[in-house]
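Written out below as structure tokens is the structure these notes cover.
The values are calculated or read from the model by the stated rules, or taken from the named source; none is laboratory data. Just so it is clear, the structure is predicted and the values come from calculations on it, not from any experiment. Note that we place each Cβ from the backbone using ideal geometry, even for glycine, and neighbour counts take in every protein chain shown.
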Amino acid sequence: MKKMTFLMILAAFPAALAAQDTAFTQLGAASAARTAEFTPALAPAAPAAEARGTQLLLDPATGRVIVVIPVGGGFIRASDGKFVAAVYTGSGYLTGAGQFFPAVGGARAAARRAPGPVKTSGGLSGKWTGWGEWTYQGAGTRCDMMTLTFEDAPGYLDRRGGYFDCGFVALESLPARFSKRGTDLLDETGAVAGSYADGLIRLNEAYSETVDIFTAIKVDGLHFDYTETWKEKDGKEIYVIRGRLFTGSHDLP
């Protein structure tokens, strides 16, 4: 079973659904306020003059690896010397515009994986970080930070946990283990809960007696596309969460 904990406005699930129309009308102002708070933290008076070595980042706009020099308040592109204001999250850099550059090599990436990474065989293993959107009846809010961690082994798929920060609402995904039987994924009771084939993972989990959660993860190298759809038992769609998450390594500490 997939367990989701509502951390903010959706703590009372039925009441929150009725109140979401009002919440979405207030979203623009809330987002502007968060941006105003976030931007100054990303804008140092001047970049640090002393570089701390080079680092390799994945540029999500091009899908290519770029060389950067970490400095105070962000990094400098080695190719053109341009300073980019950003904060380091532990797995990459997040800019004020919400663009995430995953770390794929260099001193910081090595420090993040040390000591003693445990290699696993599957393509989903590792900590994935990115961004996306939560939508409800055509309206939505940006998820500025989405993280999920998996261990993908020959006999099982572990979801070690995850967290989606979507402004006025946040979701925590608690750990779960799915056993592999051929292309089927089995839950802890031995029932078929999804499938895993050709880099596509599908899960069907119950949130409650009246709500199911359908998840699709399509892995493509260093990123995956994520879709999570909440539906009532009669098939009525409640809301959808979509995102693209990146990882700099398929190792787990």
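At a glance:
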quantity: The lone exception for residue 196 - which of (1) surrounded by fewer than 18 Cβ atoms within 10 Å (Cβ to Cβ); (2) touching a residue at least 24 places away in the same chain (Cβ under 8 Å); (3) in contact with a strand residue (DSSP E or B) (Cβ under 6 Å, 6 or more places away or on another chain) it fails; calculated: (1)
quantity: Number of the condition not met by residue 202 [criteria: (1) at pLDDT 95 or above; (2) farther than 16 Å from residue 123 by Cβ; (3) surrounded by 13 or more Cβ atoms within 10 Å (Cβ to Cβ)]; calculated: (2)
quantity: All positions within segment 77-86 that are within 17 Å of residue 58 (Cβ to Cβ) and either in contact with a strand residue (DSSP E or B) (Cβ under 6 Å, 6 or more places away or on another chain) or in a strand (DSSP E or B) (or both); calculated: 77, 78, 84, 86
quantity: Residues satisfying the stated conditions in segment 170-190, i.e. buried (at least 20 other Cβ atoms within 10 Å of the Cβ) and under 19 Å from the mean Cα position of the chain (by Cα); calculated: 171, 173
quantity: Residues (in contact with a strand residue (DSSP E or B) (Cβ under 7 Å, 6 or more places away or on another chain), free of Cβ contacts under 8 Å to residues at least 40 places away in the same chain and within 22 Å of residue 199 (Cβ to Cβ)) located in segment 162-182; calculated: 162, 177, 178, 179, 180
quantity: Test: residue in segment 185-204 that is basic (Lys, Arg) and under 29 Å from residue 100 (Cβ atoms); calculated: yes
quantity: Count of residues meeting criterion [over 30 Å from residue 102 (Cα atoms) and at pLDDT below 90] in segment 210-234; calculated: 0
